[in-house]
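Colleague: The following block contains the structure, expressed as structure tokens.
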Amino acid sequence: MRMPRRSLVIQARTRWLLVGLALLFSLVLLMYLLECAPQTDGNGSLPGVVGESMGKEYYQALLQEQEEHYQNRATSLKRQIAQLKQELQEMSDKLKSLQEKKSPKVNGMNYQGTKEQTSNDLLEFLHSQIDKAEVSVGAKLPSEYGVIPFESFTSMKVFQLEMGLTRHPEEKPVRKDKRDELVEVIEAGLEVINNPDEEDGQDEDDGVGDRQLYSENDFIEGYYRTERDKGTQYELFYKKMDGMEYRHVTLFRPFGPLMKVKSETVDISRSIINVIVPLAGRTEAFAQFMQNFRDVCIHQDKRVHLTVVYFGQDGLSEVKSILESVARETDFHNYTLVSLNEEFNRGRGLDMGARAWEKGEVLMFFCDVDVYFTAEFLNSCRLNAEPGKKVFYPVVFSLYNPAIVYANQDIPPPVEQQLVHKKDSGFWRDFGFGMTCQYRTDFLTVGGFDLEVKGWGGEDVHLYRKYLHGELMVVRTPVPGLFHLWHEKHCADELAPEQYRMCIQSKAMNEASHSHLGMLVFRDEIEAHLRKQAYRTNSEPVG
């Protein structure tokens, strides 16, 4: 028992020793400061007597002033905190009183489920917004102008229809809110895929190590459109680099938080596309088309059947020769040539091409010989058409006359180098409905084309309207991998007035951009100006 008591005594003595040393050090420091203090000039007092006394009083007053300042500050802060606590308590009491007055009572007791009921009502309203919107089921529309088109986007660019005078057909999102919106949507889609629930058809008990996790790099493309009185719909597609399996996520923002509509796995590895091309003459254009078909469909995609419906006899042997040459060089035999000895009718040709298929259900792509498409577009075709549910009407980017676009060059560049989305190179052909992906049974169910339409144009609009008036969803969006190559257009005098007007309108739209057409209109004025400038330059005296 003596050792602990002795230890305590030693500790006490040590503390007092340290305190003594501290006081001694403070005293020495104070004496040093007093010795170094400047002498006062006012009273001529002798140093070391009155001057020393005034120095001590000065520093003591300074220390006391600082201490009082911090004490007052601490007191003020304590008083403000107390006031805030009191005001908070008063507001809480008032709010509680109001809730008690407004809450219904059951058997004299306040109804405790008001908060839960409000939350349920909000969720019910948000889900009703999804039900009203054209998300899961198509809506009956009065005309082709009633459909709300999607705008497509990747992780870097947005492809948009409405350009005005400042926007571009393809551009990076400039506004921060648009960038943040698309980033949020992509991340929300990843959250749905990587953390599935029971509704997605995946077992939640599977460990993370058993699932294939997706990242932002796996995002392929997306579409979005806004119904102004309901919300914004997002269709998102993800795919691993080395796989053919796509993940499709549909999200909807009912002017509030994003809500998951569905999450599904889309396997397109066995989806065959029957590309149907009606043709009459134009064998040079067909040879160019087959070069694109060879590169994209035969060498890359390898899940495509080609059906060519040829009208007339002139040029038929050359078309056969082109097909046979491709078959020999690539060992590709998945094609059908249908010959019709009659006047060209696009609707009739596509209808015959659809009915010539005898292997049951198939996804069809109605195409023209002047269309250039990529392998990515073929996958978009597969992802956005679904039998009995939706048809895909992509908006084609139509290229202008290369002789005008590249007038400052000796010759236009190769076709592959012309495939750019710029204002002066082309435009989104939002008035055209000829390029479409749809399943054969859906096409036959709506009755196909109106075969009474003769010659150029009109048949595609009639078919489009049939789908709008039905129950199927129409997916309308610009796609970056689909181009209409420029070719000279001739509007026959035999066309009906409405067809002739549409043909002339298409011809004018196809020729050049607004600025390039303006340069053509004012070409004489520009040349006259240049001549005047050259004359003035030559007339000025030298030196």
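The values are calculated or read from the model by the stated rules, or taken from the named source; none is laboratory data. Keep in mind that this is a model prediction, so the values were computed, not measured. Virtual Cβ from ideal backbone geometry, glycine too; neighbours counted across all protein chains shown. Side chains are part of the model used for accessible areas, which takes the heavy atoms of the whole protein and leaves out ligands, DNA and RNA. Shrake-Rupley method; radii C 1.70, N 1.55, O 1.52, S 1.80 Å.
Colleague: Filter region 151-164 for residues that are out of contact with any helix residue (DSSP H, G or I) (no Cβ under 9 Å at 6 or more places or on another chain) and either in a loop (DSSP other than H, G, I, E, B) or under 23 Å from residue 261 (Cα atoms) (or both) and give the result. Spell out how you get there, then give the answer.
Modeller: Residues of region 151-164 out of contact with any helix residue (DSSP H, G or I) (no Cβ under 9 Å at 6 or more places or on another chain): 151, 154, 156-157, 159-164.
Once the filter is applied, which keeps residues that are out of contact with any helix residue (DSSP H, G or I) (no Cβ under 9 Å at 6 or more places or on another chain) and either in a loop (DSSP other than H, G, I, E, B) or under 23 Å from residue 261 (Cα atoms) (or both), region 151-164 yields 151, 154, 156, 157, 160, 161, 162, 163, 164.
Colleague: Sticking with this one: Quick one: what pairs do we get from region 298-317, first residue closer than 16 Å to residue 369 by Cβ and open to solvent by less than 20 Å² (accessible area, probe 1.4 Å), second aromatic (Phe, Trp, Tyr) and assigned to a strand (DSSP E or B), C-beta under 6 Å, 6+ apart or different chains?
Modeller: 306/335; 316/310
Colleague: Can you give me the ranges of the strands (runs of 3 or more DSSP E) entirely in region 386-454 with at least 1 residues that are polar (S, T, N, Q) and in contact with a helix residue (DSSP H, G or I) (Cβ under 7 Å, 6 or more places away or on another chain)? Explain how you work it out, then say what you get.
Modeller: Details: elements: 390-399, 426-428, 436-439.
Of the strands (runs of 3 or more DSSP E) lying wholly inside region 386-454, those with at least 1 residues that are polar (S, T, N, Q) and in contact with a helix residue (DSSP H, G or I) (Cβ under 7 Å, 6 or more places away or on another chain) span 390-399.
Colleague: Now, a different point. May I ask you to list the residues in region 381-416 that are modelled with pLDDT of 95 or more and open to solvent by 40 Å² or more (accessible area, probe 1.4 Å)?
Modeller: 386, 387, 388, 389 - these are the residues of region 381-416 that are modelled with pLDDT of 95 or more and open to solvent by 40 Å² or more (accessible area, probe 1.4 Å).
Colleague: Continuing with this model, one more query. Collect the residues in region 346-362 that are in contact with a strand residue (DSSP E or B) (Cβ under 7 Å, 6 or more places away or on another chain) and either not in a helix (DSSP H, G or I) or not assigned by the TED database to the domain that holds residue 290 (or both), keeping them in residue-number order. So that I can check it myself, show each step before the final result.
Modeller: We begin by selecting, within region 346-362, every residue in contact with a strand residue (DSSP E or B) (Cβ under 7 Å, 6 or more places away or on another chain); these are 346, 349-350, 352-354, 356-357, 361-362.
Correct list: 357, 361, 362.
Colleague: Considering each of 532, 507 in turn, give the residue that is in a helix (DSSP H, G or I) and outside the structural domain of residue 377 (by the TED database).
Modeller: Values: 507 fails: outside the structural domain of residue 377 (by the TED database).
The conditions single out 532.
Colleague: Also, quick follow-up: Output the residue which, of all residues in region 217-252 that are in a strand (DSSP E or B) and free of Cβ contacts under 8 Å to residues at least 24 places away in the same chain, is farthest from the chain's Cα centre (by Cα). Outline the logic, then answer.
Modeller: Let us first name the residues in region 217-252 that are in a strand (DSSP E or B), namely 219-227, 231-239, 245-252.
Adding the requirement that they be free of Cβ contacts under 8 Å to residues at least 24 places away in the same chain leaves 232, 239.
Details: 232: 12, 239: 16 Å.
Per the stated criteria, the residue is 239.
Colleague: Residue under question is residue 325, and the condition is that it be open to solvent by 10 Å² or more (accessible area, probe 1.4 Å), among the small types (Gly, Ala, Ser) and touching a residue at least 24 places away in the same chain (Cβ under 8 Å); does it hold?
Modeller: Working: open to solvent by 10 Å² or more (accessible area, probe 1.4 Å): yes; among the small types (Gly, Ala, Ser): yes; touching a residue at least 24 places away in the same chain (Cβ under 8 Å): no.
Answer is no for this residue.
Colleague: State yes or no: is residue 492 open to solvent by 20 Å² or more (accessible area, probe 1.4 Å), in a loop (DSSP other than H, G, I, E, B), more than 23 Å from residue 363 (Cα to Cα) and of a type in the set (A, V, I, L, M, F, W, C)? Step through it out loud before you land on a result.
Modeller: Numbers: open to solvent by 20 Å² or more (accessible area, probe 1.4 Å): yes; in a loop (DSSP other than H, G, I, E, B): yes; more than 23 Å from residue 363 (Cα to Cα): yes; of a type in the set (A, V, I, L, M, F, W, C): yes.
Yes: the conditions hold for residue 492.
Colleague: In addition: Can you pull out every residue in region 352-398 that is farther than 20 Å from residue 461 by Cβ and aromatic (Phe, Trp, Tyr)?
Modeller: Passing the criteria: 357, 372, 373, 377.
Colleague: Let me ask something additional. Looking at region 238-294, which of its residues are open to solvent by less than 10 Å² (accessible area, probe 1.4 Å) and at pLDDT below 90?
Modeller: 254
Colleague: Here are some residues: 467, 500. Which one is of a type in the set (Ser, Thr, Tyr), open to solvent by less than 70 Å² (accessible area, probe 1.4 Å) and either assigned by the TED database to the domain that holds residue 375 or at pLDDT 80 or above (or both)?
Modeller: Selected residue: 467, the only one of 467, 500 that is of a type in the set (Ser, Thr, Tyr), open to solvent by less than 70 Å² (accessible area, probe 1.4 Å) and either assigned by the TED database to the domain that holds residue 375 or at pLDDT 80 or above (or both).
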